[in-house]
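Below is one structure, written out as structure tokens; comments come after it.
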Amino acid sequence: MADFDDKLACFQAVTGLEDPDLCTEILTAHGWDLELAISAFTTFHSAPFDNPNNNNNLGSIDQSNRDSWGDVERSELTRQESEQVAGVAAPPGLAWKLITLPISVISGSLGLISGAIGLGIWVAGGVLSRSIGVLSWVSGRSGDSSSPLISLPAAALEALDFVAGFEREYGTTRPNFATEGFMDALQRSRREFKLLFVYLHSPDHPDTPLFCERSLCSEAMATFINENFVSWGGNIRSSEGFKMSNSLKASRFPFCAVVMAATNQRIALLQQIEGPKSPEQMLTILQRVIEESAHVLVSARLDAEERRNNMRLREEQDAAYQAALEADQARERQRKEEQERLEREAAEAERKLKEEEDARERAVREAADKEAALARRRQEKAMSLGIEPEKGPDVTQVLVRFPTGERKERSFHSTATIQSLYDFVDSLDCLGVEKYSLVSNFPRAVYGPEKHFLSLKEAGLHPQASLFVEVDS
């Protein structure tokens with residue numbers, strides 16, 4: 001009796017709960033394991049479950065589910081009754097409590113200290129183990145150079161680790177466990193109008209290997225789960241797996257459950273399956289859960305479809321109104337545009353007439369200027385050539401063929417540059433373009449700008465050369 005009072009006093013001191021009856025219920029639910037009860041309360045009380053063992057929440061669960069999933073029968077939420085710990089005596093009388101009060105205070109203080117130390121060790125151990133797990137996963141993935149470096153939530157990393165380990169251990173014939181956190185998988189089941197099948201994996205339990213091989217991973221079982229459920233699995237050694245085992249009050253393994261999402265981030269627990277079960281037993285239980293929950297899922301699907309239809313109808317009405325408004329605006333805009341078009345056409349006709357006159361005058365001036373520029377250029381090039389040398393050993397004879405078939409021949413000093421040949425062509429009135437190249441046929445060579453400073457002798461054109469004009473495109 002004193003031990004239970006000590007644990008109750010310590011639990012109240014650590015959690016801050018003043019209601020002794022509530023504290024007694026929590027400790028009883030955890031088998032009077034002080035450390036487990038404190039850790040479960042402090043870590044997970046912020047994610048409430050609609051537990052089938054708590055009759056006070058049944059009304060609110062059913063009412064909240066009306067908005068999203070519909071009504072869940074009370075019998076569905078109360079299949080599994082929590083076992084009470086045997087041997088717990090009735091609370092002591094008032095006189096006995098007054099006599100043992102000093103002892104209870106002292107022992108409660110000692111229990112508080114030990115409980116706080118144990119809680120600290122548990123939290124530190126959990127953080128350390130999670131950190132090591134994340135680092136090992138990242139280091140293992142870093143070897144794959146083709147994998148992109150992305151940041152995943154801790155819950156998703158745990159899910160990936162679980163699925164990879166489960167597949168290595170039991171093969172690919174298995175439920176398609178979601179590679180995301182529990183809440184994400186729950187929301188996905190809600191979007192797909194399915195129930196969520198939860199499997200909590202206890203690797204150290206002796207019944208786990210046989211259950212996974214013969215029941216969970218049997219072809220009929222895996223196919224049935226994959227067709228009718230969104231499935232999520234977690235290792236109870238991981239953070240989220242441990243959290244779910246406490247939240248679902250898993251007392252025997254292997255442990256499976258069927259849950260569904262309710263409003264206000266609450267979760268409705270429909271079925272718990274504890275201990276080893278044959279594939280036939282599992283299929284029977286799951287089939288019954290589906291049949292009993294079918295009206296909820298159908299109602300949710302119909303509600304969603306009705307909302308989509310209403311939204312589509314509103315969108316169509318808005319679109320029709322918008323189309324009519326745009327049509328009226330288009331007609332008014334068309335009238336104004338027609339009036340403006342007529343005014344613009346009149347102005348445009350006058351402008352074009354003036355532009356044509358200006359263009360003719362400008363063309364005449366530009367042609368005259370161009371012709372004068374060409375004449376000056378030919379004259380300048382002819383003057384830069386100087387007097388044509390007489391034939392001799394240091395004189396190069398050059399024949400130039402034009403695209404029109406016309407030929408021109410001239411003598412140059414062998415020390416004259418390739419630029420002199422271009423000046424010669426430019427000085428003639430045989431080519432109407434400015435961009436061209438001088439090219440020899442045998443062997444073919446193009447005397448471009450990079451060769452303009454070579455002498456005729458250096459370019460291999462001495463003592464005589466035959467070139468043709470190639471107009472650049």
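Derivation of every value follows stated rules applied to the coordinates shown; laboratory data play no part. As the structure is a prediction and not an experimental result, all values here were calculated from the model. Because the Cβ atoms are built from the backbone with ideal geometry, glycine has one as well, and the counts that use them run over all protein chains shown.
Annotation: lysines with alpha-carbon distance below 30 angstrom to LYS352 (same-chain offsets under eight excluded): LYS336, LYS370. Between ARG341 and LYS435, residue separation times 0.36 nm minus the direct Cα-Cα distance comes to 29.3 nm.
Here the relative contact order of the range 395-471, from alpha carbon pairs under 8 Å that lie six or more residues apart, stands at 46 percent. Among GLN397, PHE424, LEU438, which residue has its Cα furthest toward the positive end of the charge dipole of the range 395-471, with +1 on Lys/Arg Cβ and -1 on Asp/Glu Cβ? Of GLN397, PHE424, LEU438, it is GLN397.
Between PHE468 and GLU361, the contour length at 0.36 nm per residue exceeds the Cα-Cα span by 34.8 nm. Given +1 at the Cβ of Lys and Arg, -1 at the Cβ of Asp and Glu and no other charges, the dipole of the range 414-473 around its Cα centre is 260 debye to the nearest 20.
Of the peptides 11-17, 357-363, the order by per-residue mean of other Cβ atoms within 10 Å, starting with the highest, comes out as 11-17, 357-363.
Put simply, when 280-288, 459-467, 243-251 are sorted by average Cβ atoms within 10 angstrom per residue, most first, you get 243-251, 459-467, 280-288. The aspartates and glutamates within cross-link reach of LYS249, meaning a Cα-to-Cα straight distance under 16 Å and a gap of 8 or more places when in the same chain, are GLU25, ASP33, GLU35, ASP50, GLU81, GLU83, GLU240, GLU274. With a threshold of 19 Å on the Cα-Cα distance, the over-threshold entries among LYS243/LYS277; LYS408/LYS451; LYS381/LYS408; LYS391/LYS457 are LYS243/LYS277; LYS408/LYS451.
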